[in-house]
Amino acid sequence: MRWKGRRRSTNIDDRRGRRSRSRMRMPGGGRVRAGGGIGLTGLIVVVGIAWLMGVNPLTVLSQLEGGGSYAPEYQTQAPRSTADDETAQFVSVILADTEDTWGTIFSRHGGDYPEPTLVLFSGSVSSACGYASAATGPFYCGADDKLYIDLSFYQQLANQLNAPGDFAQAYVLAHEVGHHIQNVLGILPEFHKTRRTLSKTEANALSVRVELQADCFAGIWAHFAARQRGFVEEGDIEEALNAASRIGDDTLQRQAQGFVVPESFNHGTSAQRARWFRNGFEAGSLDACDTFGATRL
């Protein structure tokens, strides 16, 4: 990717060099809850009507979501390396490009895109969704509309998972942005509410559809990124498809334990993840990402 010299996002919360020491503190000791009382189909209808009327879907959905607060404390860690600083610049550029892409898409539907914040951390971090270590990997917290990543994950992606390349790294970030899109549309809160009523196997199956849709949304971003002259280079899309394949549940389980347990999958197989990324990339449309209505994943 030719990313240097492009606009960087201002929605960066750089916590590297600080380590969280306290866990999340919620009012009354409760946990963050999200989701409303209408079904997924009804929720999509409400969002569609809101967009047609020129109303931000968040205005409609905000009454369905709960919230909380947290108070992290930090202590100093070792200085960052030059390579870390360049990677931080890179993810800032990618985040900015996702802002441009999704801002345009939302605008076409008569809505505004609420941009998420990207939190860079090292070692561990506190979020409105709880306390996490770098071992958790990149994640999105819908309770505070933030993406979290320890940039050392990219070393693991290249060296341990055999998915090198800057576009592979961009795909990972775009996938987490995909979860933000789901949160804005009310899909993610509805998923969290629904899965509490399901068995573990059923909840895992629903989780797969959520994750594959985020992959498809990442593909939509890549579709528009590829249209920018000089931004996406030859071989970049293949890097993303390779990364999607390398982090499929079946591939990871086979590497870790020598066999797979399909009923425990919660992100999708390698083939499924690559397929849904490609669906989004080729179509460049939200219509191509209906994983919940698909009979074949």
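Read-outs: derived from the displayed coordinates by stated rules, not from any lab. Everything numeric here is computed off the predicted structure, so don't read it as measured data. Ideal geometry is used to build each Cβ from the backbone, glycine not excepted, and the neighbour counts take in all protein chains shown.
What to note about this one:
- Cα centroid of region 129-182 to Cα centroid of region 213-233, whole Å: 17 Å
- A DSSP coil position with no more than 14 other Cβ atoms inside 10 Å describes the following trypsin sites (Lys or Arg not before Pro) in region 183-251: 196, 227, 229.
- When you filter the GluC sites (Glu not before Pro) in region 228-273 for DSSP loop state and at most 10 other Cβ atoms inside 10 Å of their Cβ, you are left with 234.
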